[in-house]
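Shown next, in structure tokens, is the structure this report addresses.
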Amino acid sequence: MPELVSRQRVHTELDEARIAFHRLVAGATDTELRSASDGTRWTNEELLFHMLLGYLIIRPLLVLARIFSRLPPGASRRFTTLLSSATPVFDEVNYYGSRVGARVVSRRRMPAMFDRVVASLHRRLAAETEADLRRGMRYPVRWDPFFKEFMTVADLYHYPTQHFSFHRRQLTLPGARQKET
């Protein structure tokens with residue numbers, strides 16, 4: 001069996017990302033938030049929302065992993081094939097969803113949302129058994145560079161911080177590219 005990401009490492013990553021997110025939002029001017037990010041079609045504010053979204057989607061992904069881990073392996077494979085065939089649609093929804101999300105959820109509300117989702121993930125992770133953390137399913141690897149063909153529940157808890165760190169380097173905000181601890 002593959003080695004699981006340590007529970008403590010994930011708790012630490014969640015806390016570090018939460019602190020970094022607060023600093024990024026608090027330190028940005030309106031002009032900087034409206035500025036283009038580096039390597040995406042999003043503004044900095046839209047990319048910040050997209051980074052938040054990476055944490056928000058974990059709860060539904062955990063539900064899917066629990067369901068599909070109890071089904072025959074072919075079910076997960078067929079589901080992933082279906083999702084992979086919808087990659088162009090996913091890409092558009094992902095792009096426009098973050099654009100709309102940044103307009104609906106103001107920069108003042110994003111940090112509080114980040115706090116709530118991280119607190120929820122901390123509670124859920126603390127309650128997981130080792131057997132729960134080993135459950136998993138297949139994922140559409142074309143949807144995200146951090147999706148693996150098979151991801152455990154432990155992998156899912158680690159995923160949003162990988163996503164966050166990757167996109168943080170694309171922000172053109174002061175201090176976005178330096179490592180914060």
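Note on segment 36-66: residues that are in a helix (DSSP H, G or I) and small (Gly, Ala, Ser) amount to 2. Scanning segment 41-84 for residues that are within 30 Å of LEU171 (Cα to Cα) and either loosely packed, with under 14 Cβ neighbours inside 10 Å or not hydrophobic (A, V, I, L, M, F, W, C) (or both) gives ARG41, THR43, ASN44, GLU45, GLU46, HIS50, GLY54, TYR55, ARG59, PRO60, SER84.
Condition check: buried (at least 17 other Cβ atoms within 10 Å of the Cβ) and either modelled with pLDDT under 95 or touching an Asp or Glu at 6+ places or on another chain (Cβ under 9 Å) (or both). Does ASN94 satisfy that? So ASN94 does not fit the description; no. Candidates in segment 152-176 are the residues that are buried (at least 21 other Cβ atoms within 10 Å of the Cβ) and among the hydrophobic types (A, V, I, L, M, F, W, C); of these, the one that is farthest from GLY54 (Cα to Cα) is LEU173. Restricting ARG18, ARG41 to residues that are at pLDDT 95 or above and either more than 23 Å from ARG116 (Cβ to Cβ) or more than 16 Å from the chain's Cα centre (by Cα) (or both) narrows the list to ARG41. Cβ separations smaller than 6 Å between residues 6+ apart or across chains give the following pairs from segment 103-116 residues that are charged (D, E, K, R) and modelled with pLDDT under 95 to residues that are surrounded by 12 or more Cβ atoms within 10 Å (Cβ to Cβ) and assigned to a helix (DSSP H, G or I): ARG107/VAL25.
A single member of LEU4, LEU33 is over 16 Å from the mean Cα position of the chain (by Cα) and outside any helix (DSSP H, G or I), and it is LEU4.
Can we say VAL25 is under 21 Å from THR172 (Cα atoms), surrounded by 13 or more Cβ atoms within 10 Å (Cβ to Cβ) and touching a Pro at 6+ places or on another chain (Cβ under 8 Å)? Against the criterion (under 21 Å from THR172 (Cα atoms), surrounded by 13 or more Cβ atoms within 10 Å (Cβ to Cβ) and touching a Pro at 6+ places or on another chain (Cβ under 8 Å)), VAL25 qualifies.
Of all the numbered requirements in (1) part of a helix (DSSP H, G or I); (2) in contact with a helix residue (DSSP H, G or I) (Cβ under 7 Å, 6 or more places away or on another chain); (3) under 19 Å from LEU47 (Cβ atoms), TRP143 misses one, and that requirement is (1).
The values are calculated or read from the model by the stated rules, or taken from the named source; none is laboratory data. Here the structure is a predicted model, which is why all the values come from computation and not from measurement. Glycine also receives a Cβ, built like all others from the backbone with ideal geometry; neighbour counts cover every protein chain displayed.
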